[in-house]
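Please read the structure below before turning to the comments.
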Amino acid sequence: METLHCTTMHSAIGPLFLASSAEGLVALEFDARLPGQQSIRPSPRDLRREKEKKAFTFQDSPHLLRPYVSELEEYFAGQRREFTFSLDLRGTDFQRACWRALLAIPYGETRTYADIARAVGKPNAFRAVGMANNRNPIAIVVPCHRVIASDGTLCGYGGGLDVKRKLLELEGALSGVLAA
């Protein structure tokens, strides 16, 4: 069984849960989960199923996650545009391709789901791209908040549209984005 090191940090958009492996950051989740939102953390609603599929344990390790927390604090202070730490992206090949395409979106810019679909070589798979975004385990760092609808409006975000708007405001990426 794998041990993941974890901590919770406070940020301008609320508490964030971080978990890392020996390879890098595995999860960055909003502490308050929306109904149906995927999480690496066990769900108290279905403990029996969680026990059956449990592949790792969590160890509270704020000192080991300090480098991640420091870079995130710099990001929220407007002093960091890129993260330098390693990521341990876990998902299907298609999901990882989508997440790599998200990582290529520059700070302060947005892309549409159709743009990401084209970037991964599946131009008609914009709905599948939306589902891959929904399953993104490393919010903010893998910047799914930079993806907007083709009509230029804000849509779907695990932290809620208000958080998405705040992140895009922080990055100066709201010009050209229509109010949802």
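Looking only at residues in the range 123-154 that are surrounded by fewer than 17 Cβ atoms within 10 Å (Cβ to Cβ) and in contact with a strand residue (DSSP E or B) (Cβ under 9 Å, 6 or more places away or on another chain), the one that is nearest to Asp93 (Cα to Cα) is Ser150. Note on the range 9-43: residues that are assigned to a loop (DSSP other than H, G, I, E, B), at pLDDT 80 or above and closer than 22 Å to Lys166 by Cα amount to 6. Across the range 77-87, what is the number of residues that are surrounded by 14 or more Cβ atoms within 10 Å (Cβ to Cβ) and either over 15 Å from the mean Cα position of the chain (by Cα) or farther than 14 Å from Val141 by Cα (or both)? Total meeting the criteria: 1.
Among helices (runs of 4 or more DSSP H) entirely within the range 84-149, having at least 3 residues that are under 23 Å from Ser20 (Cβ atoms) singles out 93-103, 126-134.
The values are calculated or read from the model by the stated rules, or taken from the named source; none is laboratory data. This one's a predicted model, so the numbers in the text were calculated from it and none came from an experiment. Cβ atoms come from the backbone with ideal geometry, glycine included; neighbour counts cover every protein chain shown.
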